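Comments concern the structure below.
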Amino acid sequence: MTERHMRRVVPLLDQRSSLPRTPDAAFLSNAKIIANGLLSDTRGRPLRDLRISVTDRCNFRCNYCMPKEVFDKDYSYLPHNALLTFEEVTRVAKVFVAHGVQKIRLTGGEPLLRKNIERLIEQLATLRTVEGLPLDLTLTTNGSLLARKATLLKTAGLQRVTVSLDGLDDAVFRSMNDVDFPVADVLAGIEAAQDAGLGPIKINMVVKRGTNEHEILPMARRFRGSGIVLRFIEYMDVGATNGWRMNEVLPSSEVVKLVHTELPLVQLEPSAPGETAERWGYANVSGKHDVAAGEIGVISSVTQAFCGDCNRARLSTEGKLYLCLFASRGYDLRSLIRAQASDADLASAIGHIWQNRGDQYSELRSAMAADNGNGQRRVEMSYIGG
Ligand code: SAM
Ligand code: SF4
Ligand code: SF4
């Protein structure tokens with residue numbers, strides 16, 4: 001195995017805190033943390049959003065995420081028995097929900113590649129928040145299988161989808177997904193999702209300077225007034241394989257300026273605390289938000305840190321809990337589950353881990369070296385999801 005192929009071998013322990021790597025008996029015998037939705041971390045941030053990666057595989061090779069040279073035929077993906085089963089995912093999710101999670105996003109890899117994903121959705125759809133409400137249950141997909149699966153997903157209880165689409169120009173899109181996948185098939189998937197009622201749909205466009213910035217305006221024109229929210233994401237330095245360079249990041253402020261020159265915008269209030277996207281509405285002639293024309297979002301993870309109210313936890317395909325998208329290490333919840341821990345023990349472990357969380361990578365980025373400041377490799381986005 002080459003150095004390049006070792007990036008998924010992440011140690012189990014998050015050494016930035018003094019917590020044990022797999023919460024053990026001694027850890028669990030400390031004061032139990034009761035799941036009552038009131039949990040907060042060292043910076044007072046609650047736990048509200050859980051992103052669950054259901055597979056580390058993908059049928060695309062987007063060069064900013066799973067470059068072909070690394071994720072080639074010799075790459076070893078997780079074996080099936082390493083993956084959390086749907087029952088295990090649901091059990092952990094239930095504990096997270098008791099701790100205050102209100103939103104669950106399924107991701108990957110490509111989540112629609114996980115066999116019978118609709119069965120997991122059925123199970124998750126039965127969960128209720130601490131307030132007794134249904135979860136905001138969503139999924140991020142590259143859209144390649146959406147035309148086939150949209151109705152099935154909706155019937156299973158999925159509320160909405162986010163589709164990743166980096167441009168409308170077929171040649172640009174084919175080269176960015178790097179498997180020659182046609183844009184028309186993703187557009188058909190988006191249409192099927194709309195028909196199935198999986199809305200409001202969001203579209204994520206990763207903007208890479210020099211690669212697809214000329215697609216910004218065509219994308220804005222296409223989705224303005226469609227009921228779909230287009231979000232422009234700054235190309236991020238996640239993982240260690242995408243050869244990220246700052247000069248390929250197009251700051252969101254420039255995206256907003258560009259769209260505004262042709263389609264005037266007004267800034268909108270965030271829709272929820274911890275919201276990752278800054279919202280901009282299309283303006284009418286009097287400079288007010290034209291609701292029918294809709295809005296765009298910009299996610300400025302590189303140029304504008306938004307860690308202050310980050311309420312997101314991430315569960316990897318094999319059951320490791322990551323407290324930050326840029327973390328090097330996760331906490332092994334699968335061992336705990338498979339060692340027959342009770343729900344109360346699981347809740348206590350997750351509670352302790354969250355209470356000790358102090359992650360703020362985006363805020364520290366400028367002060368840190370590219371190797372994460374401590375010589376450790378960051379986890380790949382395709383492994384823990386976006
Ligand atoms: N395969 C699915 C998809 O592409 O939507 C779900 C997983 S993907 C890792 C989740 C999101 O992360 C996608 O919207 C993708 O564009 C985004 N993403 C991946 N690598 C990124 C990077 N280096 N910078 C910014 N966004 C990235
Ligand atoms: Fe696959 Fe999504 Fe990563 Fe693209 S961004 S390689 S579609 S996981
Ligand atoms: Fe949250 Fe980490 Fe992103 Fe900051 S860098 S917003 S803590 S995921």
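The values are calculated or read from the model by the stated rules, or taken from the named source; none is laboratory data. Quantities reported herein were computed from a predicted structural model and do not represent experimental measurements. Note: ideal-geometry Cβ built from the backbone for every residue, glycine included; neighbour counts use all protein chains shown. Note: accessible area is taken over every heavy atom of the protein model, side chains too, but ligands, DNA and RNA are not part of it. Shrake-Rupley method; radii C 1.70, N 1.55, O 1.52, S 1.80 Å.
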Residue count, the stretch 180-212, condition within 12 Å of ligand 1 (Cβ to nearest atom) and out of contact with any helix residue (DSSP H, G or I) (no Cβ under 9 Å at 6 or more places or on another chain), comes to 2
Out of (1) closer than 29 Å to LYS208 by Cβ; (2) touching a residue at least 40 places away in the same chain (Cβ under 8 Å); (3) crowded, with 22+ Cβ neighbours inside 10 Å, the one LEU139 does not meet is (2)
Restricting attention to the stretch 175-226, the residues that are in contact with a Ser or Thr (Cβ under 7 Å, 6 or more places away or on another chain) and either without any contact (Cβ under 8 Å) to a residue 12 or more places away in the chain or of a type in the set (S, T, N, Q) (or both) number exactly 1
Exception for LEU258 within (1) hydrophobic (A, V, I, L, M, F, W, C); (2) open to solvent by less than 40 Å² (accessible area, probe 1.4 Å); (3) more than 16 Å from ligand 1 (Cβ to nearest atom) falls at (2)
Taking first residues from the stretch 341-358 that are in a loop (DSSP other than H, G, I, E, B) and second residues anywhere that are buried (at least 22 other Cβ atoms within 10 Å of the Cβ), the pairs with Cβ under 7 Å that are 6 or more apart or on different chains are ARG357/LEU323
Note: among GLY157, GLY210, GLY167, just one is in contact with a Phe, Trp or Tyr (Cβ under 6 Å, 6 or more places away or on another chain) and over 14 Å from GLY297 (Cα atoms), namely GLY167
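Condition check ((1) more than 16 Å from ligand 3 (Cβ to nearest atom); (2) closer than 25 Å to ARG221 by Cα) across all residues:
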| position | (1), (2) |
| --- | --- |
| LEU268 | yes, yes |
| GLY281 | yes, yes |
| ASN284 | yes, yes |
| LYS288 | yes, yes |
| ILE299 | no, yes |
| VAL302 | no, no |
| GLY319 | yes, no |
From the option list LEU153, LEU139, single residue qualifying as within 15 Å of ligand 1 (Cβ to nearest atom) and over 22 Å from GLY319 (Cα atoms) is LEU153
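Here's the yes/no breakdown for (1) under 21 Å from the mean Cα position of the chain (by Cα); (2) more than 16 Å from ligand 2 (Cβ to nearest atom):
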| position | (1), (2) |
| --- | --- |
| THR129 | yes, yes |
| THR141 | yes, no |
| ASP170 | no, yes |
| PRO182 | no, no |
With the first residue restricted to the stretch 316-330 and required to be within 16 Å of GLN355 (Cα to Cα) and away from ligand 1 (no atom under 15 Å from the Cβ), and the second required to be of a type in the set (Gly, Ala, Ser) and part of a loop (DSSP other than H, G, I, E, B), Cβ contacts under 8 Å at 6 or more apart or on different chains are LEU321/GLY330; GLY330/SER316
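Restricting to the stretch 32-85, and then to whatever is of a type in the set (Ser, Thr, Tyr) and within 19 Å of the chain's Cα centre (by Cα), can you tell me which residue is nearest to ASN116 (Cα to Cα)? So that I can check it myself, show each step before the final result.
Quick first cut of the stretch 32-85, residues of a type in the set (Ser, Thr, Tyr) only: 40, 42, 53, 55, 64, 75-77, 85.
The next check asks that each one be within 19 Å of the chain's Cα centre (by Cα); those that pass are 53, 55, 64.
On the way: SER53: 15, THR55: 12, TYR64: 28 Å.
Per the criteria, the residue is THR55.
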When restricted to SER301, SER328, SER362, the only residue within 16 Å of ligand 2 (Cβ to nearest atom), modelled with pLDDT under 90 and either of a type outside the set (A, V, I, L, M, F, W, C) or open to solvent by less than 50 Å² (accessible area, probe 1.4 Å) (or both) is SER301
Among the residues of the stretch 84-97, are any buried (at least 16 other Cβ atoms within 10 Å of the Cβ) and either at pLDDT below 95 or under 25 Å from MET236 (Cβ atoms) (or both)? yes
